[in-house]
1. Would you confirm whether any residue within the stretch 153-165 is closer than 30 Å to residue 39 by Cβ, part of a loop (DSSP other than H, G, I, E, B) and within 16 Å of the ligand (Cβ to nearest atom)?
2. Tell me, please, whether a residue that is more than 16 Å from the ligand (Cβ to nearest atom), more than 27 Å from residue 16 (Cβ to Cβ) and in a helix (DSSP H, G or I) can be found in the stretch 320-329.
3. Any residue in the stretch 42-69 that is at positive phi sitting within a Cβ distance under 8 Å of a residue that is within 15 Å of the ligand (Cβ to nearest atom)? List the pairs, counting only those 6 or more apart or interchain.
4. Being closer than 15 Å to residue 207 by Cα and in contact with a strand residue (DSSP E or B) (Cβ under 6 Å, 6 or more places away or on another chain) is the filter here, so list the residues in the stretch 293-329 that pass it.
5. With the structure loaded, tell me whether residue 198 is in contact with a helix residue (DSSP H, G or I) (Cβ under 6 Å, 6 or more places away or on another chain) and at pLDDT 95 or above or whether it fails that test.
6. Does residue 246 qualify as being closer than 28 Å to residue 109 by Cα, surrounded by fewer than 22 Cβ atoms within 10 Å (Cβ to Cβ) and away from the ligand (no atom under 16 Å from the Cβ)?
7. If you check 221, 209, which single one turns out to be at positive phi and either crowded, with 16+ Cβ neighbours inside 10 Å or within 15 Å of the ligand (Cβ to nearest atom) (or both)?
8. In the stretch 11-41, which residues are touching a helix residue (DSSP H, G or I) at 6+ places or on another chain (Cβ under 8 Å) and loosely packed, with under 15 Cβ neighbours inside 10 Å?
Ligand code: UVW
């Protein structure tokens, strides 16, 4: 039995194969990587991750900073442990890590929805390419709430060679910290002004200035809500959806919290699809989303030189079954 006979409107399910789990990342070909390598002209690198314990004041109650503990064995904690000879020291640790707390990739198993994929007139809970909730993406199970994405887990991305052309659009330079929902027309105007060209196989990197606000908030130690500050894509703009589909980009990455504006999810009467860019990218098109990246220094360097393209190397953890992953992306210019 095929997993689906109906595919959602505006989706590319099946275009990369009936069992595909990589979506648009398939457009990141060896040829596109070779073109990207030519952008590493100076050999200067930028680390595009926040410290993973930030934000210390979580942006979402279900996403907490990591906690570190000593690893244990039958003799107790393996931490600052003096070995038998009295000379050697050993530390092993373990970590409780919320994979989507800080700088992260969303896997294609991060957002799905109810859709009648098998054509029986009843909607199933499915993810990209019709993979089923509770079967292909299993859990939570038992008292420990165990989970495992047997399909679409983040390890599929880890094995995809996540290295290509990063293309930055500096929305902060155009709009400042205004909490603006950026339409296709806004985006194309800024790209035109900044001389940005996006090609199939590119990682679209949107700089909004959110990282700076987050770090300032941390320095002040306050819990002021900042979710709706700075630019974010306007999920209500159908023209923007079509541009994303036509562009051939493999991922959208940003320093902001969710790539898209949160007006629908925060509205008193939210519509059924409350995160339309997530729905388009993760569920329908298989476009990966990278959130809460640290882009400030790279953005300033590129802006000063009127450059916008760089070599991006951004593999997630090869953590089988996980639906998201922290990462330490590197830009080389
Ligand atoms: C939001 O927090 C709304 O987005 P994500 O779940 O992708 O982090």
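1. no
2. Looking through the stretch 320-329, none of the residues is more than 16 Å from the ligand (Cβ to nearest atom), more than 27 Å from residue 16 (Cβ to Cβ) and in a helix (DSSP H, G or I).
3. none
4. As a first pass, look at the stretch 293-329 and keep what is closer than 15 Å to residue 207 by Cα: 293-304, 306-310, 312, 329.
293, 295, 297, 298, 299, 302, 303, 308, 309, 310, 312, listed by residue number.
5. Values: in contact with a helix residue (DSSP H, G or I) (Cβ under 6 Å, 6 or more places away or on another chain): yes; at pLDDT 95 or above: yes.
It is true that residue 198 is in contact with a helix residue (DSSP H, G or I) (Cβ under 6 Å, 6 or more places away or on another chain) and at pLDDT 95 or above.
6. Values: closer than 28 Å to residue 109 by Cα: yes; surrounded by fewer than 22 Cβ atoms within 10 Å (Cβ to Cβ): yes; away from the ligand (no atom under 16 Å from the Cβ): yes.
So residue 246 fits the description; yes.
7. Numbers: 221 fails: either crowded, with 16+ Cβ neighbours inside 10 Å or within 15 Å of the ligand (Cβ to nearest atom) (or both).
So the residue among 221, 209 that is at positive phi and either crowded, with 16+ Cβ neighbours inside 10 Å or within 15 Å of the ligand (Cβ to nearest atom) (or both) is 209.
8. Filtering the stretch 11-41 for residues touching a helix residue (DSSP H, G or I) at 6+ places or on another chain (Cβ under 8 Å) gives 11-14, 16, 18-25.
Scanning the stretch 11-41 gives 18, 19.
The values are calculated or read from the model by the stated rules, or taken from the named source; none is laboratory data. Bear in mind the structure is a predicted one, so any value in this text is a computation, not a measurement. Backbone-built Cβ (ideal geometry, glycine too); neighbour counts: all protein chains shown.
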